[in-house]
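Structure record follows, encoded as structure tokens.
The values are calculated or read from the model by the stated rules, or taken from the named source; none is laboratory data. What you see is a predicted model, and the numbers here were worked out from it, not measured in a lab. Note that we place each Cβ from the backbone using ideal geometry, even for glycine, and neighbour counts take in every protein chain shown. The accessibility values were calculated without ligands, DNA or RNA, using every heavy atom of the protein model including side chains. Shrake-Rupley method; radii C 1.70, N 1.55, O 1.52, S 1.80 Å.
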Amino acid sequence: MWEILYPVGNTHSGASINKVSLAGMLVAFGIVFGDIGTSPLYAYRAIIGDRVVDETLILGGLSCVFWTLTFQTTLKYVIITLQADNKGEGGIFSLYALIRRFSKPWMMVPAIIGGSFLVSDGIITPPISVSSAIEGLQKYNPELNTVPIVLAIIVFLFVIQQFGTHWIGRIFGPVMVTWFGFIAIIGLLAVFSQPAILKAFSPQYAFVLLTEYPEGFWILGAVFLCTTGAEALYSDIGHCGKGNVRVSWIFVKIALLLSYAGQGAWMLGKVGTKLGDLSPFYEIVPAPLFIFSIGLATLAAIIASQALISGSFTLVSEAIRLNFSPRLYVDYPSNVKGQLYIPFINWMMMLGCIVVVLYFEKSSKMEAAYGLAVTITMLMSTLLMSSYLYTRRYPKWLIYLITVLFLSIELSFFAANLIKFEEGGWISIASGAVVSSIMGIWFWGKKIKNRLTEFDDLPPHIEHIRDLSTNTKISKYATHLVFLTASPNSQQIEQKVIYSIFSKRPKRADFYWFVHINVLDEPYTMNYKVETLVPNDLYYVTFNLGFRVEPRINLFFRMAVDNLIKSGEIEVPDRINVACDDLVEGDFKFIVQQHFMSHENDLPFYEKTIMNAYFLMKKLVAAREDVGYGLDTSNVQIEKVPLIISRPKDIKLVRVY
């Protein structure tokens, strides 16, 4: 019997995902384009760097920006990658969920690496965006120390996460529409003074820069900053739908190009000089609007940072469901769909952002650390996208063409970004490597544990369980005794569960429930299946939950039992006389069994290292399973179970007389 637990609400599925509306586009402006929308604050300045400004550098840099936004952002993400929406949801883990049933097992490697470096990007984006905006104040006071202001904004941003940010979300759209309109207008005004800058949109200027200009190829590392928000663009489509993203991108791209063109037009008047601490973005702002521009840029940077922080929470929650991450405590601070808060991730990201600000101090120095992490994420998403196209039976020649094209572009960006390693790029690489290691260890550790968990056939034990249930000589342990099981098969159960029921103090109950949680590749599916093993005695329940669904098993299970009682499939016996709530009679007791590493193991060094790290993370970082599954802790009993993976075989124990 299949039943829907309760309506999920707007899951952005079906035709609604492609429906274009003003409200949807407003959301897209506020959430999807925040990161890429603030890149004009620092990208063109990074292209020029400490070099002497000349026409080849200006025109070639703008040409590279135009064609990067065209190929990398528009073609790869807006046109191709947005096709791979998972029931309306995007992001690298959603993409992996689409292909994991059909692809090789090793495809989890690019998924883990890509997701890890996207989280790593989260400790660079807020500092560089906020610093670039606040540093505009130095035009009035060159000696102003902006670090305390930047730190105050960043700390405030992370502190408010625990209270919910739905109230901030209401201003995202209008502020970002104002921002894009503003940068488009001031850029256009600057272009009027030097209309010759528009010839830079020809690809010949990019070609000349890359082939003839000294260090031309390495400038690609700075050019890449103009498209760093593209991956976040794909991750956030669930908020508004890909149709709204595509239509909104037309206006966003025009605004970005006008801003870059305006900055290039201003720099044509600076040929033969060095920029120093001058910001091309702020230099083209009319004097009466300067203070307004700083305030608006700061709001845009905060919005971009907020969107990235929220995206990191979502990314980690997906990683938890896909067994890529330890189960962390997840809070839902508001009733807004999809909004969540993960304290551990929040405070770790805040600490990382503070370290970045204190280490680099200026946004111009942060540019060295920016880009490497996102480049790696984009490379991984290209591999996953190729697999997706293959599973959807696209023509092989088209798959090869797309894969070679974007791998060539992204490998070029990656190589150019490598020169930033010693200047600060090592920070993003190191943080991404740490997150990747955590995800990899957790995934393989859980694989090893699950593979070697011992199961028993359940049918031989059913008669004994039924006898125990009716044996009034044994004191009753609970009305409803619920075991969480990893067994996907109702005919098998872990040996440790059978041991728990019968050994030591036998657990007599009126109803025995074996509950299995099956995480689906779809994001928001919520249904369950009940198999009756012994009527009014023994049941096996499977909850099928999407990888973005909060596993509120305590609530879901009670709803399922209530439906069974109302339908008459469960008859409440007279011996149950204690009302637990208005819906279901009797008390509930959940048994959660936690493994610990037994000393009786003889493992290869590789597996021993993984398992020791796995259990260390479980002890130090992971939330308890009862908390992670949304169980009422007053109704939960934790049982410690030794995990014996491999008994020593070379022990010679001799009996003496």
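Can you give the angle from 0 to 90° between the axis of helix 426-451 and the longest principal axis of the chain, with both taken from C-alpha atoms, to the nearest 10? So the helix axis and the longest Cα principal axis differ by about 20 degrees.
Where both bridge residues fall in the chain, DSSP classifies roughly 40% of the beta bridges as antiparallel. How far, in degrees from 0 to 90, does helix 147-159 lean away from the longest principal axis of the Cα atoms of the chain, to the nearest 10? Long axis of 147-159 versus the principal axis of the chain: about 30 degrees. When Rg and the Kirkwood Rh are both derived from Cα coordinates, the Rg/Rh ratio for segment 19-109 amounts to 1.11. Accessible surface area normalised per residue over segment 323-410 is 44 Å², counting heavy atoms of protein chains with a 1.4 Å rolling probe. In the list (1) 27.2; (2) 28.1; (3) 29.0, the label attached to Kirkwood radius over Cα pairs in Å as derived from the coordinates here is (1).
Take 202-209, 109-116, 230-237 and order them by the average number of nearby Cβ atoms within 10 Å per residue, most first; the result is 230-237, 109-116, 202-209. Each peptide in 321-327, 172-178 was scored by the mean count of other Cβ atoms within 10 Å over its residues; highest first, the order is 321-327, 172-178.
Rounded to a whole number, what % of the accessible area of segment 316-408 do carbon and sulfur atoms account for, probe 1.4 Å? Summing carbon and sulfur atoms, their accessible area is 65 percent of the total for segment 316-408. Between Gln495 and Glu463, what is the FRET efficiency for a Förster distance of 22 Å, r being their Cβ-Cβ separation, to the nearest 0.05? Computed FRET efficiency for Gln495 and Glu463: 0.80. Once the Cβ-Cβ distance between Lys199 and Ala415 is put in as r, and R0 is 30 Å, what FRET efficiency do you end up with, to the nearest 0.05? With R0 = 30 Å, the Cβ-Cβ based efficiency is 0.60.
Below 8 Å, C-alpha to C-alpha, sequence gap of six or more: please give me the relative contact order for the chain in percent. Across the chain, relative contact order equals 20 percent. Heavy-atom accessible area, probed at 1.4 angstrom with all protein chains present, ranks Glu410, Glu143, Glu135 as Glu143, Glu135, Glu410, highest first. Could you give log10 I(q)/I(0) at q = 0.09, 0.15, 0.16, 0.20 Å⁻¹ for segment 327-479, computed by the Debye formula over C-alpha point scatterers of equal weight, without solvent? One equal scatterer on each Cα of segment 327-479 leads to -0.60, -1.09, -1.15, -1.22. Rounded to the nearest 20, the Cβ-based charge dipole of segment 13-114 about its Cα centre (Lys and Arg +1, Asp and Glu -1) stands at 540 debye. Ligands, DNA and RNA left out, the 1.4 Å accessible surface of segment 178-264 is 71% carbon and sulfur atoms. With a Förster radius of 41 Å applied to the beta-carbon distance between Val52 and Phe344, the computed FRET efficiency rounds to 0.30. As a ratio to 2.2 N^0.38 Å, the alpha-carbon radius of gyration for segment 417-552 is 1.52. Normalising the average separation of contacting C-alpha pairs (under 8 angstrom, six or more residues apart) by the number of residues puts the relative contact order of segment 329-468 at 22 percent. Using the average count of surrounding beta-carbon atoms within 10 Å as a protection proxy, the listed peptides 342-348, 117-123, 212-218 rank, highest first, as 117-123, 342-348, 212-218. Working from label points 7 Å from Cα in the Cα-to-Cβ sense, the Leu188 to Asn612 distance is 6.5 nm.
Among the protein heavy atoms of segment 50-171, carbon and sulfur supply 65% of the accessible surface, probe 1.4 Å, non-protein parts ignored. Residue separation of Gln83 and Arg393 scaled by 0.36 nm, minus their Cα-Cα distance, works out to 110.2 nm of gained length. Using just its DSSP H runs of length 4 or more, each adding -39500 (n - 2.57), the chain gives a mean residue ellipticity at 222 nm of -16000 deg cm²/dmol after division by all residues.
Separation of segment 395-440 and segment 468-503, taken as the distance between their Cα centroids, equals 50 angstrom.
Under the convention that each Lys and Arg Cβ holds +1 and each Asp and Glu Cβ holds -1, the size of the dipole of the chain around its Cα centre is about 840 debye. Here the ratio of the Cα radius of gyration of segment 254-337 to 2.2 N^0.38 Å is 1.73.
Put simply, the Cα atoms of segment 234-374 extend 56, 40, 29 Å along their principal axes, the longest span coming first.
Length gained on full extension, Phe502 to Ser437, computed as 0.36 nm times the residue gap minus the Cα-Cα distance: 19.4 nm. Each eigenvalue of the Cα gyration tensor of segment 162-296, multiplied by 5 and square-rooted, gives one semi-axis; in descending order these are 30, 21, 15 Å. For the pair Val20 and Lys529, the difference between a 0.36 nm per residue extended length and the Cα-Cα distance amounts to 179.6 nm.
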